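Take a look at the structure below.
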Amino acid sequence: TNLALYRTDYTDLQINQFSSGSGGATSLILNAGNARIQGIEFEATAVPVDGLTLTGSFGYTDPKYNEFAFRDPVTNALIDVADGARFANINKWNYILGAQYSFPPLGFGDLSAQVNYSYRSRIFFHPLDRVNVFNNEVSSPGQDNLSARLTLSEIAIGGRSRLEISAWGENLADNDKIAYGIDFGGLGFGGAYFAQPRSVGVDLKFNY
């Protein structure tokens, strides 16, 4: 088992802010202010019986702006919007569960099977809703992933050469996964693109 606690404090933190309007779209660097990120990470590995390995990990991240300076476009005054600011591309919760079993040796190769399940909570892609009005709509909701792999390795094909064959599947539950969202609030719309749907394949690996 491993356990980690962490805390990071930032002074004069710089933030990317995407902005759009009738004059076009651009990415700005803001001198947001002060922030801290703290959290916990835990992972464990267990071998309850010969050949079976169980793994698991858990993470929680707690980000907070202590100060976020923003220039009000109406009054031109600097105001503190820390209470409403978001951390882009950071999820609060995540965990992974996995199991791998290595079968007793076969006469022609080594057979193993692996399955993994992972989850992470919602991710926002922009820090300020007041600038990116579709920030919530284009965010990536909490999503999970189920994957599996079956591998036959150490297949002798002459001399010291070995062949490995793997059949695998990703996103086996065929969930819609938003990979990234962009907000053109100044133009009246937002958009997002999705990661791959369910995919399966076969890999061949030749060692010589």
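The values are calculated or read from the model by the stated rules, or taken from the named source; none is laboratory data. Bear in mind that the values here come from a model prediction, so they are computed numbers and not experimental data. Glycine gets a Cβ as well: all are built from the backbone with ideal geometry, and neighbour counts include every protein chain shown. Surface areas here come from the heavy atoms of the whole protein model, side chains and all, with no ligands, DNA or RNA. Shrake-Rupley method; radii C 1.70, N 1.55, O 1.52, S 1.80 Å.
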**OP:** Taking H placed 1.01 Å from N in the peptide plane, check which residues at least 5 places from residue 133 or on another chain put their amide H under 5 Å from its amide H.
**Re:** 185
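If we count GluC sites (Glu not before Pro) as exposed when they sit in a DSSP loop and have at most 16 other beta carbons within 10 Å, what is the longest stretch of the chain that avoids them all? List each step's numbers first, then the result.
Numbers: sites that count: 67, 137.
Here the longest segment lacking exposed loop sites spans 138-208.
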Original post:
What's log10 of I(q)/I(0) for region 86-197 at q = 0.10, 0.12, 0.22 Å⁻¹, Debye sum over Cα points only, no solvent?
Top reply: -0.49, -0.60, -1.12
**OP:** Please work out the C-alpha center-to-center distance from region 19-47 to region 145-179 and express it in whole Å.
**Re:** 33
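Probe of 1.4 angstrom, ligands and nucleic acids ignored: what's the accessible area per residue over region 104-208, in square angstrom? List each step's numbers first, then the result.
On the way: 6170 Å² over 105 residues.
That works out to 59 Å² for each residue.
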Original post:
Between Rg and the Kirkwood Rh of the chain, both from Cα atoms, what is the Rg to Rh ratio?
Top reply: 1.13
Subject >> Two-site label geometry, residue 90 and residue 50: point separation in nm, points 7 Å out along Cα→Cβ >> reply: 4.8
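For residue 40 and residue 67 in one chain, what is 0.36 nm times their gap in residues minus the Cα-Cα distance, to one decimal in nm? Can you show the working numbers first?
On the way: separation 27, 0.36 × 27 = 9.72 nm, distance 2.32 nm.
Length gained between residue 40 and residue 67: 7.4 nm.
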Original post:
At a 1.4 Å probe radius, carbon and sulfur cover how many percent of the accessible area of region 1-61?
Top reply: 51
Original post:
Where the centre of each part is set by its Cα atoms, how far does region 1-15 sit from region 63-137, in angstrom?
Top reply: 15
Original post:
Whose amide H sits under 5 Å from the amide H of residue 66, counting only residues 5 or more places off or on another chain, with H placed in the peptide plane?
Top reply: 34, 35, 36
Original post:
Which residues' amide hydrogens lie under 5 Å from the amide hydrogen of residue 154, considering only partners 5 or more residues apart or on another chain, with H built in the peptide plane?
Top reply: 110, 163
